[in-house]
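A.B. asks: The structure is given below, and queries will be raised subsequently.
The values are calculated or read from the model by the stated rules, or taken from the named source; none is laboratory data. The model shown is predicted, which means the values in this text are computed figures rather than measured ones. Cβ: placed from backbone, ideal geometry, glycine included. Neighbour counts: every protein chain shown. Ligands, DNA and RNA are stripped out before the accessible areas are found, and what is left, the full protein with its side chains, is counted by its heavy atoms. Shrake-Rupley method; radii C 1.70, N 1.55, O 1.52, S 1.80 Å.
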Amino acid sequence: MSSRPKVTVIGAGNVGATTAQRIAEAGLADIVLVDIVEGLPQGKALDLAEAAPVIAHDAHVIGTNDYADTAGSDIIVVTSGIPRKPGMSRDDLIATNAGIVGAVVTASAAVSPDAIIIVVTNPLDVMCHVAMKASGFPRERVLGMAGVLDSARFRTFIAQELGVSVEDTHAFVLGGHGDTMVPLSRYSTVAGVPITELLTPDRVAALEQRTANGGAEIVALLKTGSAFYAPAASAFEMVDAILGDRKRVLPCATYLKGEFGIDGVFVGVPVVLGRNGLERVFEITLTPEERVAFEKSAAAVRELVAALPD
Ligand code: APR
């Protein structure tokens with residue numbers, strides 16, 4: 001290893017391997033790729049390492065089945081678990097993935113006590129609870145990747161609809177990662193202009209609906225798994241914000257302590273992300289309608305968490 005930051009990516013499947021690739025190719029950190037399957041992380045890491053001369057980066061990438069190799073990580077990205085198949089909701093994954101996330105976080109947090117955990121495994125908000133409990137870390141160092149992905153999907157659909165660059169298109173999505181997500185269209189803009197001034201209410205509603213259904217749309221097409229390019233790009237953006245201490249304002253699943261009137265549950269809100277992880281919850285005023293939708297979203301997460309085995 002080197003004096004570069006160290007990022008452990010747990011799960012060498014579609015999301016994990018693609019996240020590792022993006023981080024390595026940006027030269028951001030050395031990567032330890034972990035999986036329960038023997039040979040899989042070693043093989044993918046070697047393949048990624050052999051791409052380095054062509055891409056021209058010097059990040060080290062290793063694969064392992066042993067958590068001792070992950071010791072002293074700055075960031076742990078958790079992608080291990082089973083993905084959805086057509087017809088499944090994210091919540092159908094809960095029992096299997098809670099066991100996997102609990103085990104991998106316990107093992108990795110023990111050897112990287114100062115790490116920041118980014119959870120990607122679904123159902124996202126519930127897995128964040130599992131990770132916080134298993135690690136014993138404070139909320140500042142346990143964050144979930146969902147809002148960046150959901151808002152990226154919303155941005156994609158807005159930009160396609162209006163025939164404008166995605167770069168000038170911004171979107172705001174709050175709430176849980178699932179059917180109860182809350183797209184905030186009045187804060188979603190093209191060059192600063194709210195989309196509610198650019199599109200009819202019907203079209204706005206259709207794009208919001210497509211965003212909430214964005215993961216399922218891809219599962220239905222792929223049939224054998226779920227999305228991974230955009231999820232990996234989104235996890236990468238969080239890693240970049242943290243390692244670069246960039247104070248990015250990104251929507252992340254965050255354990256709220258009274259902010260937005262919600263207490264004791266992980267739900268997606270905008271936060272300031274820097275080298276300390278969550279540095280500030282970026283509170284905004286919601287309309288009564290948005291508040292109802294947001295509270296419904298938080299209640300849905302709370303219900304799933306209450307049903308988790310001890
Ligand atoms: N420890 C380590 N790795 C594990 C464990 C475990 N206990 N259990 C499963 N894995 C690994 C699998 O061996 C597999 O390589 O997790 C990897 C998951 O990869 P994929 O099946 O390709 O799934 P992926 O598409 O990457 O999705 C992973 O992210 O977006 C979410 O909903 C998605 O929960 C799913 C997760």
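A.B. asks: If I take every Cα pair under 8 Å that is 6 or more residues apart in the chain, average their sequence separation and divide by the length, what percent do I get for the relative contact order?
C.D. replies: After rounding, I find 17 percent.
A.B. asks: Ok, one more. Given Cα pairs under 8 Å that are at least 6 residues apart, what percent is the relative contact order of region 147-306?
C.D. replies: 23 percent
A.B. asks: I would also like to ask the following. For region 297-307, take each phi angle, set θ = phi - 60°, evaluate the Karplus expression 6.51 cos²θ - 1.76 cosθ + 1.60, and give the result in whole Hz per residue in order, putting x for glycine and proline.
C.D. replies: 5, 5, 5, 5, 5, 4, 5, 5, 5, 5, 8
A.B. asks: Rounded to the nearest 500, what is the chain's calculated 222 nm mean residue ellipticity when only DSSP H runs of at least 4 contribute -39500 (n - 2.57) each, over all residues?
C.D. replies: Helix-only estimate at 222 nm: -13500 deg cm²/dmol.
A.B. asks: For K223, list the lysines whose Cα falls under 17 Å from its own Cα; do not include residues on the same chain fewer than 8 positions away.
C.D. replies: K85
A.B. asks: May I pose another question? Under 18 Å Cα to Cα from K6, which aspartates and glutamates show up? Leave out anything in the same chain fewer than 8 places away.
C.D. replies: Hits, sequence-local ones excluded: E25, D30, D35, D58, D66, D69, D74, D114, E237, D240, D245.
A.B. asks: Can you give the extra length, in nm with one decimal, that the chain gains between M88 and R186 once fully stretched, where that is 0.36 nm per residue apart less the Cα-Cα distance?
C.D. replies: Numbers: separation 98, 0.36 × 98 = 35.28 nm, distance 3.12 nm.
Full extension from M88 to R186 adds 32.2 nm.
A.B. asks: Counting DSSP beta bridges with both partners in the chain, what percentage is antiparallel, nearest 5?
C.D. replies: 50 percent
A.B. asks: Leaving out ligands, DNA and RNA, and with a 1.4 Å probe, what % of the accessible surface on region 134-198 is carbon or sulfur?
C.D. replies: About 49 percent, which is the carbon plus sulfur part of the accessible surface.
A.B. asks: Next question. List the residues, sorted by chain then number, that are 5 or more residues from V77 or on another chain and whose placed amide H is less than 5 Å from its amide H.
C.D. replies: The answer is T8, V9, I10, I118.
A.B. asks: Explain nothing, just compute: Karplus ³J(HN,Hα) = 6.51 cos²θ - 1.76 cosθ + 1.60, θ = phi - 60°, for every residue of region 127-139 in order, whole Hz, x for Gly and Pro.
C.D. replies: My calculation for region 127-139 gives 5, 5, 4, 4, 5, 5, 5, 5, 8, x, 6, x, 4 Hz in order.
A.B. asks: If you don't mind, there's one more thing I want to ask. If I fit a long axis through the Cα atoms of helix 147-162 and take the longest principal axis of the Cα atoms of the chain, what angle between them do I get, 0 to 90°, rounded to 10?
C.D. replies: Orientation of helix 147-162: about 50 degrees from the principal axis.
A.B. asks: Test of understanding: given the chain, find the longest segment containing no trypsin sites (Lys or Arg not before Pro) that are in a DSSP loop and have at most 13 other Cβ atoms within 10 Å. Provide the component values of the computation, followed by the final result.
C.D. replies: Values: sites that count: K223, K247.
No qualifying site falls inside 1-222, the longest such stretch.
A.B. asks: Taking the solvent-accessible surface of protein heavy atoms with a 1.4 Å probe, what is the per residue accessible area of the chain in Å²?
C.D. replies: So the chain comes to 43 Å² accessible per residue, rounded to a whole number.
A.B. asks: Using alpha-carbon positions, what is the distance between the centroids of region 28-85 and region 101-133, in Å?
C.D. replies: 17 Å
A.B. asks: With labels modelled as points extended 7 Å from the Cα through the Cβ direction, what inter-label distance (nm, one decimal) is found for E140 paired with D168?
C.D. replies: Distance between label points: 4.0 nm.
A.B. asks: I'd like the accessible area for I116, computed on protein heavy atoms only with a 1.4 Å probe and all protein chains in place. Round to 10 Å², please.
C.D. replies: Counting only protein heavy atoms, I116 exposes about 0 Å² to solvent.
A.B. asks: Using the beta-carbon distance between A26 and D263 and R0 = 30 Å, what value does 1/(1 + (r/R0)^6) give for FRET efficiency, to the nearest 0.05? Show your work: numbers first, answer last.
C.D. replies: Values: r = 37 Å, r/R0 = 1.23.
Using R0 = 30 Å, I get an efficiency of 0.25.
A.B. asks: Same structure again: For region 163-225, rounded, prolate or oblate, judged on the Cα gyration tensor with a ≥ b ≥ c (square roots of eigenvalues), a/c < 1.5 rounded, else prolate if a/b > b/c?
C.D. replies: prolate
A.B. asks: Mind running the shape call on region 1-92? Use the C-alpha gyration tensor, a ≥ b ≥ c as the square roots of the eigenvalues: rounded below 1.5 for a/c, prolate if a/b tops b/c, oblate otherwise.
C.D. replies: Verdict is prolate for region 1-92.
A.B. asks: Next up: At R0 = 22 Å, how high is the FRET efficiency between K223 and D47 if r is their beta carbon distance? Nearest 0.05 is fine.
C.D. replies: 0.30
A.B. asks: For the chain, what class follows from the C-alpha gyration tensor (a ≥ b ≥ c being the square roots of its eigenvalues): rounded when a/c is under 1.5, otherwise prolate if a/b is larger than b/c, else oblate?
C.D. replies: Prolate shape, in that a/c is at least 1.5 and a/b is the bigger ratio.
A.B. asks: Spelling out what I want: for every residue of region 77-83, take phi, set θ = phi - 60°, compute 6.51 cos²θ - 1.76 cosθ + 1.60 (Karplus), and round to whole Hz; glycine and proline get x.
C.D. replies: 9, 9, 10, 6, x, 9, x
A.B. asks: Lysines within cross-link reach of K257: Cα-Cα under 25 Å, excluding same-chain residues under 8 positions apart?
C.D. replies: Excluding near neighbours in sequence, the set is K133, K247, K296.
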